[in-house]
Amino acid sequence: MALLPILTAPDPRLKAVSNPVAAVDDDLRRLMDDMLETMYDAPGVGLAAIQVGVAKRLLVIDTAGEGEARQPHFFVNPEILWVSEELALYNEGCLSVPEHYADVERPAEVRVRYLDYHGNPQEIHATGLLATCLQHEMDHLDGILFIDHISALKRGMILRKLKKAQRLGAVG
Ligand code: GNR
Ligand code: NI
């Protein structure tokens, strides 16, 4: 297993629309394992492949709390089947937007179809943090960051600070 470097905004690669995965094979499982290890190390509750520079429609999530048993979930080629009318507000962060947080409103519940670690088709009805996280990660697959859901003024401020921090070599 290996830790992979995480891209940070405004890296243009984070705006790419990722490509469907053709086959869930051992090479892909190695990437999934490395992404999971990278996510736990960060630490984060989710990670999309594009955040480590790989433009494939693939993400990993573990929303288990600290001290709880790990519950890793792998989602390949995820598709939203249904979203609730009810919305939920969550103070989101992103490993690619380090040290910035903002409230984002999204559907409170979602139904998602995907392929699992073994390439088997699955469906999940997600609520709570898992629903928020799934939508945050699926946005990454379409080149969208949580800051794209907030005002242009706040987004501009965050991006300016990230650029400055990178210029000063002060990230992390
Ligand atoms: O670690 C993360 N926490 C988080 C909190 C609220 C909503 C979404 C997230 S995902 C984020 C990790 C990340 O950047 N995934 O893309
Ligand atoms: Ni993110």
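Laboratory data are not the source of any read-out in this text; all were calculated from the coordinates shown. Nothing here was measured: the structure is a model prediction, and the numbers come from that model. Every residue, glycine among them, receives a Cβ derived from its backbone with ideal geometry; neighbour counts consider all protein chains shown.
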Practice prompt. Quote the Stokes-Einstein diffusion coefficient, in whole µm² s⁻¹, for the range 12-167, based on the Kirkwood radius over alpha carbon pairs, a temperature of 20 °C and a viscosity of 1.002 mPa s.
Written response: 133
Worksheet item: What is the local net charge at L3, summed over the other residues whose Cβ is closer than 14 Å to its Cβ (Lys, Arg +1; Asp, Glu -1)?
Response: -3
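Any chance you could count the Lys pairs in the range 12-167 whose alpha carbons are under 20 Å apart, treating pairs 8 or more apart or on different chains as valid? Intermediate values should be presented prior to the final figure.
Details: K15/K56; K15/K154; K15/K161; K15/K163; K15/K164; K154/K163; K154/K164.
For the range 12-167, the number of qualifying lysine pairs is 7.
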Worksheet item: How long is the gain from S84 to R167 if the chain were fully straight, where each residue apart is worth 0.36 nm and the alpha carbon distance is subtracted?
Response: 25.7 nm
Discussion item. Ignoring everything except DSSP H segments at least 4 long, calculate the 222 nm mean residue ellipticity for the chain; use -39,500 (n - 2.57) per segment, divide by total residues, nearest 500.
Written reply: -9000 deg cm²/dmol
